[in-house]
Each structure stands twice: as C-alpha cells, then as structure tokens.
Amino acid sequence: MRALEYPLITPRLRLEPVTPELAAAARAGGQVFAEHIGADVPAEWRNASLRMLARTPGANWDGETSPIRAVAIHREEGCVIGDVRFEPVPLEPKLVELGYSIAVGWRRRGYALEAAGAVLDWLFEEGECKAAIAGCERGNLASVKTLRKLGFWLDGSAGSAFWWTITPDLRDAALA
C-alpha cells in the first residue's frame, strides 16, 4: 500500500497526514502542535486526542513508516475539528481499518462523512487499498448512518459492536 504524503483537501476541510514530525510536535504539547500544523487546537479536541495522536506516528506499509492518521482542520475556521485513522490490518495485505472522531462541538454537520469519505477515496484511488473495515457501537446511530452513507455494508456483529466493510465498488455505488 502507498503512504499518504500530502494533505487531502475537501470543500470544508484540510486533512493533514500525521507524519513522525507532526507526532513529535503533538508530544511536545498543544502549542507546539498548533504552530506546526498551522491551526488552532481547541481544548475539547486536544484533551481527547492529542496524546493518542502523539503515540501513533506511523505503521509499517511495505517496509516504510507511514502516516496512519490524518488531522481534520476546518479550512475557514482554521481549527482542528477531528481526525481519521486508516491503519493497515496485520497479515491482511491491502486491507485497512478506518476510524474517525469529530470534536463534540462540530458533530452532526457532516464532517465525519466528509473527512472519512476523502480518506476512503484516496485509499481506493491512490493508496492501493482493496477493502476497508470499520467498527462502531450498536447504539451509536450517528456512526451507523455515517458508515451507511459512505457505502459500508454491515458485515457482522460481536458483542455490542457492529462491523462494516467497504470495497471500491461499494464506495462507487454510494457516490452514484
């Protein structure tokens, strides 16, 4: 699989890949991270996500350490509103687990759909990904709706979680 080496731009967002340098800035704290990324880092996102982001600078994709997460920056407001994770599944070539998180004050406005959709499109068009999976709690209706709109199909359930899958064909059908 190929690495995300540049920001993804959507109508409202800039999705900045978390490089080892950006992860190091996150470890140095919110102010250093904000300066490095060129955006405000609101406390609600910083408190929930900055430490986790600092611990996940990359994964092994074809022998290389590469970004497995992108930070979602609202282009007009100039602030971080969430992040998207796209982590290769061990022992499954070209399969990625997708996850996303949007800060509480920015939810229910379509940002998860926009951010995750841009990452999926990149994964299928340039990242050499053949399929993606995602999980969510059964009671998380917002995530269920988002995954359906992205084109994911329910693949199974275990305990309190639903597991979803998507391929390029399913994504194309969702966009049609």
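State the number of residues belonging to segment 11-56 that are small (Gly, Ala, Ser), on the phi < 0 side of the Ramachandran plot and open to solvent by 30 Å² or more (accessible area, probe 1.4 Å). Here the count works out to 4. Annotation: of all residues in segment 36-85 being basic (Lys, Arg) and either modelled with pLDDT of 80 or more or touching a helix residue (DSSP H, G or I) at 6+ places or on another chain (Cβ under 6 Å) (or both), the one that is farthest from Ala134 (Cα to Cα) is Arg75. Considering Gly151, Gly156, Gly139, the condition of being closer than 21 Å to Leu15 by Cα and out of contact with any Gly (no Cβ under 6 Å at 6 or more places or on another chain) is satisfied by Gly151 alone.
For Tyr6, state whether it is assigned to a loop (DSSP other than H, G, I, E, B), open to solvent by less than 90 Å² (accessible area, probe 1.4 Å) and under 29 Å from Phe152 (Cα atoms).
yes
The values are calculated or read from the model by the stated rules, or taken from the named source; none is laboratory data. None of these values were measured; they are calculated from a predicted model. When we count neighbours, we look across all protein chains shown, and the Cβ atoms used for this are built from the backbone with ideal geometry, even at glycine. Just so you know, the surface numbers come from the protein's heavy atoms only, side chains and all, with ligands and any DNA or RNA stripped out. Shrake-Rupley method; radii C 1.70, N 1.55, O 1.52, S 1.80 Å.
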